[in-house]
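The values are calculated or read from the model by the stated rules, or taken from the named source; none is laboratory data. Source: prediction; values computed, not measured. Cβ coordinates were reconstructed from backbone atoms using ideal geometry, including for glycine residues, and neighbour counts include every protein chain displayed. In case anyone asks, the SASA skips ligands and DNA or RNA and just uses the protein heavy atoms, side chains included. Shrake-Rupley method; radii C 1.70, N 1.55, O 1.52, S 1.80 Å.
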Amino acid sequence: MQASEVPRAVAAAVSTASSLGLTADDAIVIQDSNKLTLRLLPCDVLARVAPAAHHVAHLEVELARRLAESGCPVAALDPRAEPRVHERDGFVVTLWTYYEPVPTRQVSPAEYAHALERLHAGMRTVDVPTPRFTDRVEQARRLVADRERSPALADADRDLLGDTLRRLSRAIGERGGTEQLLHGEPHPGNVLSTRNGLLFTDLETCCRGPVEFDLAHAPEEVGAHYPGVDQDLLRECRILVLAMITTWRWDRDDQLPNGRRLGAEWLGRIRGALGPNGPGLHG
């Protein structure tokens, strides 16, 4: 979020909580990216604030509500507030349960895989309109093609990313395997280690696709513990996901610390993973 908008976003979150009878005298910034995540005290609510144009907030709230009801391992909305999107001063505000982190707890690959398997099982019972994973890839392709939005990306690197995104997206999409509702980005940054086990957050990236697309975001060891994985497909999905997150690092508005350095490092990893011909890059 733009620095100039942060004070207004914080005020919108505090005002929203207060209007619902929740005491919010202080706001601690937990994360600042495309949206602002705050811990409101002393009510101890996690508030997520985004510009009003952030339409996916409605989908995220609906999915979180339905998945929590079915017993899926997802972060829950705060039970003291109506489960909906609140609009205030040009922002959308959603209020969530705050989970005290367990920093010393080690998460095993098997536990991670089991939690993701449970999430996927619950998602198969939910019927909501969501984009396909190829739509997410297309967003990255448009960024690569837009020199104004990615001015620091060298021509050779631009060609590499564009070609990898296009060909692997097509190869994976044409496999004809089973697809279902996915989290979209179940990487460790979107997994909370709590006293009640692992919980997935940030459902705004949900899309439809093969489960291997989700597994490609998780640590590599997790895939060995998830049943029925197509390892060749997972390998292709890992390269595709790497190309996508590398692309975001070259967005002129990217706010990830050391993002440009990571982007350069990941370009090298993509070249190494593809080799002379590249898996899935046949034509």
message: When you check A273 against the structure, is it hydrophobic (A, V, I, L, M, F, W, C) and open to solvent by 20 Å² or more (accessible area, probe 1.4 Å), yes or no?
response: yes
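Quick one: in the stretch 118-131, of everything that is within 23 Å of Y226 (Cα to Cα) and crowded, with 16+ Cβ neighbours inside 10 Å, which residue is modelled with the lowest pLDDT? Give the steps one after another, and end with the answer.
Within the stretch 118-131, the first condition is being within 23 Å of Y226 (Cα to Cα), and the residues that meet it are 118-126.
Restricting the remaining residues to those that are crowded, with 16+ Cβ neighbours inside 10 Å gives 118-120, 122-123, 126.
On the way: R118: 96, L119: 97, H120: 97, G122: 94, M123: 95, V126: 90.
Here the answer is V126.
Looking at the stretch 1-13 only, could you name the residues that are under 15 Å from V92 (Cβ atoms) and open to solvent by 20 Å² or more (accessible area, probe 1.4 Å)?
Taking the stretch 1-13 first, the residues under 15 Å from V92 (Cβ atoms) are 1, 5, 8-13.
Across the stretch 1-13, the qualifying residues are E5, R8, V10, A11.
Suppose we filter the stretch 139-164 for residues that are in a helix (DSSP H, G or I) and over 18 Å from the mean Cα position of the chain (by Cα); how many remain?
The first filter runs over the stretch 139-164 and keeps only residues in a helix (DSSP H, G or I), leaving 139-145, 155-164.
If we keep only those that are over 18 Å from the mean Cα position of the chain (by Cα) too, we end up with 142, 144-145, 155-164.
Here the count works out to 13.
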task: Please work out which residue is nearest to Q255 (Cα to Cα), limiting yourself to the stretch 141-194 and to residues that are polar (S, T, N, Q) and modelled with pLDDT of 95 or more.
output: S150
message: Filter the stretch 36-47 down to the residues that are crowded, with 23+ Cβ neighbours inside 10 Å and either under 19 Å from the mean Cα position of the chain (by Cα) or at pLDDT below 85 (or both) and list them by number.
response: L36, L38, A47
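Take E111 and tell me if it is within 21 Å of G209 (Cα to Cα) and surrounded by 14 or more Cβ atoms within 10 Å (Cβ to Cβ).
Working: within 21 Å of G209 (Cα to Cα): no; surrounded by 14 or more Cβ atoms within 10 Å (Cβ to Cβ): yes.
Answer is no for this residue.
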- prompt: Say we look at the stretch 58-104 and pick out the residues that are loosely packed, with under 15 Cβ neighbours inside 10 Å and acidic (D, E); which of these is farthest from Q2 (Cα to Cα)?
  reply: E69
message: Can you tell me which condition T125 does not meet? The list is (1) in contact (Cβ under 8 Å) with a residue 60 or more places away in the chain; (2) closer than 23 Å to P210 by Cβ; (3) not in a helix (DSSP H, G or I), and all the others hold.
response: (1)
